[in-house]
Amino acid sequence: DVKVTQSSRYLVKRTGEKVFLECVQDMDHENMFWYRQDPGLGLRLIYFSYDVKMKEKGDIPEGYSVSREKKERFSLILESASTNQTSMYLCASSIGTLTEAFFGQGTRLTVV
Amino acid sequence: KNEVEQSPQNLTAQEGEFITINCSYSVGISALHWLQQHPGGGIVSLFMLSSGKKKHGRLIATINIQEKHSSLHITASHPRDSAVYICAVMIYNQGGKLIFGQGTELSVKP
């Protein structure tokens, strides 16, 4: 079974802190995605990556950056966390452009 | 207007009932996912469809590409089916990016 693992289920951070959310997949998938999920807004794409060291902005990249130094790991970085970044963050991966997506368990981030 | 619309937004059913959740979309797609999310957040992919119909246990998913519509059916519903069901479309020629519906919150009562 494909496994997409997010490093934390729950995180509480202070405003202004630098926050790293880590995602690791174990099936050599090329594509990796970061989404955030908010009530009433559903899931929205923050950033995605098609290969190592490649990244593309999604629909809501402001306030975020990403890093993909190794194929299996895709990190989401909040340079200076703000309260409006309190959300559920979901990582996903897929092997190609017409294949099933696999999701991590989600990280519920609270910024206080 | 959202590019992916689901209905209903909320659904309460009695155990054993047949359930249908609908998804309509307004963009060209290469495939459509039905996802299940239980309380706590993790998402599981139930189906990926690009045409026709798929069945897995008590779950059936259909898609009509011409009408830009998909349905998820649950037969003989059970309380363990209670979850949020999300329709997500893979936009044609945009490399695996998904656009999501708002989700349908299903509660099945014993």
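The values are calculated or read from the model by the stated rules, or taken from the named source; none is laboratory data. The shown structure was predicted, so the numbers you read here are calculated from the model rather than taken from an experiment. All Cβ positions, glycine included, derive from the backbone under ideal geometry; neighbour counts span all protein chains shown. These area figures cover heavy atoms from the full protein model, side chains too; ligands, DNA and RNA do not enter into them. Shrake-Rupley method; radii C 1.70, N 1.55, O 1.52, S 1.80 Å.
Annotations
- Residues located in region A:85-112, provided they are part of a strand (DSSP E or B), more than 18 Å from B:LEU35 (Cβ to Cβ) and among the β-branched types (Val, Ile, Thr): A:THR110, A:VAL111
- Residue in region B:67-85 that is within 11 Å of chain A (Cβ to nearest Cβ) and in contact with a strand residue (DSSP E or B) (Cβ under 6 Å, 6 or more places away or on another chain) present: yes
- Scanning region B:63-78 for residues that are over 12 Å from B:ASN22 (Cα atoms), of a type outside the set (Val, Ile, Thr) and open to solvent by 40 Å² or more (accessible area, probe 1.4 Å) yields a count of 4.
- The set of residues from region B:7-30 being open to solvent by less than 40 Å² (accessible area, probe 1.4 Å), modelled with pLDDT of 90 or more and among the hydrophobic types (A, V, I, L, M, F, W, C) comprises B:ALA13, B:ILE19, B:ILE21, B:CYS23.
- Selection of region A:66-106 for residues being small (Gly, Ala, Ser) and either open to solvent by 20 Å² or more (accessible area, probe 1.4 Å) or under 21 Å from B:GLY96 (Cβ atoms) (or both) yields A:SER67, A:SER75, A:SER80, A:SER82, A:ALA92, A:SER93, A:SER94, A:GLY96, A:ALA101, A:GLY104, A:GLY106.
- Any hit, region A:43-63, residues being in contact with a helix residue (DSSP H, G or I) (Cβ under 9 Å, 6 or more places away or on another chain), open to solvent by 20 Å² or more (accessible area, probe 1.4 Å) and of a type outside the set (Lys, Arg): yes
- Where a residue in region B:40-56 is open to solvent by less than 40 Å² (accessible area, probe 1.4 Å) and its partner, wherever it lies, is among the β-branched types (Val, Ile, Thr), with Cβ under 6 Å and at least six apart: B:LEU49/B:ILE63
- Remark: pairs (first residue in region A:84-112, more than 21 Å from A:HIS29 (Cα to Cα); second residue open to solvent by less than 50 Å² (accessible area, probe 1.4 Å) and of a type in the set (D, E, K, R); Cβ separation under 7 Å; 6+ apart in sequence or on different chains) = A:SER87/A:ARG36; A:SER87/A:ASP38; A:MET88/A:ARG36.
- Search result, residues across region B:93-110 that are within 25 Å of A:ASP59 (Cβ to Cβ), more than 10 Å from every other protein chain (Cβ to nearest Cβ) and open to solvent by 40 Å² or more (accessible area, probe 1.4 Å): B:GLU105
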